[in-house]
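Here the structure comes first, spelled out in structure tokens, and everything after it is commentary.
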Amino acid sequence: MVAGPCAAESKQQVLSTAEKLASVVKRTGARLIYRAGLWKPRTSPHSFQGVGEEGLTWLQETVQLTNLPVATEVSTPEQVHMALHARIPYLWLGARTCANPIAVQELADVIRQSNYCPEGVLIKNPVNEDAHLWLGNIERMESVGVPVIAVHRGCNHRPCWRMAYQLRQLRADIPLLLDPSHMSGERAMVPLLANKAAALHYDGWMIEVHPTPEQALSDSRQQITPDELEHLISDLKNFSDEKEALDNTPIELRWLRAEIDEIDDTLWTAIAERMDIVRHIGEVKQQNHLDAYQPNRYQAMLAQRMEWADKNGLPREAVRSILDVIHDASVSLQH
Ligand code: PEP
Ligand code: MN
């Protein structure tokens, strides 16, 4: 388990959260790396950017106080340099950094030249869905002799199970963690996704934990409290002991079903978006005194959808039936 706040916000917050997690470790026996981001790669320049270098001493004090190994995110050669100089044992590369293999190579080069080798580098999947880019980044880090752990965090709040399964098939030897916090962006989803990862035989989790999530300076909607993490760890233990013993679904089938569920989710989301536009079109038609059913438009759509059916190797009749169901529903919505 890699757990801790999205961002280090103050010395007090870093140390008190670590102490709470150290007692969770005592009570549950979990193996835990304490995470806290010092340099935050944020979407907006107006958001909290992290406390930066100052927080390195807070992480060092955390190690002394709790004996937990610590991890922080690095995205520039300068940050790697500072983190290694401070003997931070675990570094992680964020999804934005991992979209750029040249940036990852530069970070690997700093590790190669350093006289301190970290105990591990955690590599998130890139923000774009690309298992080979993820693997390439892993190989760049491996080539400097540092142990690597892959972290699956999805893209744009979509799990992208297929990408993780591809990585698993290409490199079953690399430990794979799930980051349900960034995958969903919602704390209610964290336990569900964490359990799903257990069913898919992930090797662990990266979960954002904050003493007062609502007041967090970043990612406040997805962080959970140390108490909630403790409950989750107990659940996950029950999962492996009980449910897993009863479930004989082959692992490959579990992955494929996760992919199907995700595709259906995107299908239904797309249909809902389509219906929103249909409603808007209904208003425009009314303003212009046009009928809801427009035969010429329907024929043109049908011809184009048939071409798409052929292009994708789908049976024309089935595609036509699906189009008709959607079109009928759309026309009745506009009446
Ligand atoms: C993080 O772990 O705090 C983080 C920034 O994650 P990601 O790179 O996955 O967005
Ligand atoms: Mn975060």
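The values are calculated or read from the model by the stated rules, or taken from the named source; none is laboratory data. As the structure is a prediction and not an experimental result, all values here were calculated from the model. Counting neighbours? That spans all protein chains shown, and the Cβs are built from the backbone with ideal geometry, glycine included. Note: accessible area is taken over every heavy atom of the protein model, side chains too, but ligands, DNA and RNA are not part of it. Shrake-Rupley method; radii C 1.70, N 1.55, O 1.52, S 1.80 Å.
Provide the three semi-axes, in whole Å and in decreasing order, of the ellipsoid equivalent to the chain as defined by the square roots of 5 times the Cα gyration tensor eigenvalues.
The equivalent ellipsoid of the chain has semi-axes of 44, 22, 22 Å.
In whole Å, how far is the Cα centre of the stretch 258-311 from that of the stretch 36-90?
Going from one Cα centre to the other spans 48 Å.
Suppose all protein chains stay in the model; what accessible area per residue would a 1.4 Å probe give for the stretch 251-334, in Å²?
For the stretch 251-334, the solvent-accessible area averages 72 Å² per residue.
Give the angle, between 0 and 90 degrees and rounded to the nearest 10, that separates the Cα long axis of helix 101-113 from the longest principal axis of the Cα atoms of the chain.
So the helix axis and the longest Cα principal axis differ by about 10 degrees.
Ignoring ligands, DNA and RNA, what percent of the accessible area of the stretch 251-334 is carbon or sulfur (1.4 Å)?
57 percent
Evaluate E = 1/(1 + (r/R0)^6) for Glu61 and His231, where r is the Cβ-Cβ distance and R0 equals 25 Å; express this FRET efficiency to the nearest 0.05.
FRET efficiency, Glu61 to His231: 0.35.
Compute the acute angle (0 to 90°) between the alpha-carbon long axis of helix 11-28 and the principal axis of greatest extent of the alpha-carbon atoms of the chain; round to the nearest 10°.
90 degrees
What ranking do 74-84, 18-28 get when scored by the average of other Cβ atoms within 10 Å per residue, highest first?
Those peptides, ordered most packed to least, come out 74-84, 18-28.
Which peptide among 297-309, 55-67, 223-235 comes first, and what is the full order, when sorted by highest mean count of other Cβ atoms within 10 Å?
Sorting 297-309, 55-67, 223-235 by mean packing, highest first, produces 223-235, 55-67, 297-309.
Can you give me the % of accessible surface on the stretch 107-205 that is carbon or sulfur? Probe 1.4 Å, all protein chains present, nothing else counted.
Here carbon and sulfur together make up 50 percent of the probe-accessible area.
Based on the alpha-carbon set only, what is the convex hull volume of the stretch 251-334 divided per residue, in Å³?
Per-residue hull volume (Cα only) is 100 Å³.
Here is the link list: Lys124/Lys243; Lys11/Lys40; Lys285/Lys311; Lys196/Lys237. Which ones come out longer than 21 Å on Cα distance?
Distance filter (> 21 Å) returns Lys124/Lys243; Lys285/Lys311.
For the residue pair Leu192 and Leu302, what label-to-label distance in nm results when each label sits 7 Å from Cα along the Cα-to-beta-carbon direction?
Result: 3.9 nm between the two label points.
When you have a sec, figure out the Kirkwood radius of the stretch 132-286 from all distinct Cα pair distances and drop it here in Å to one decimal?
17.7 Å
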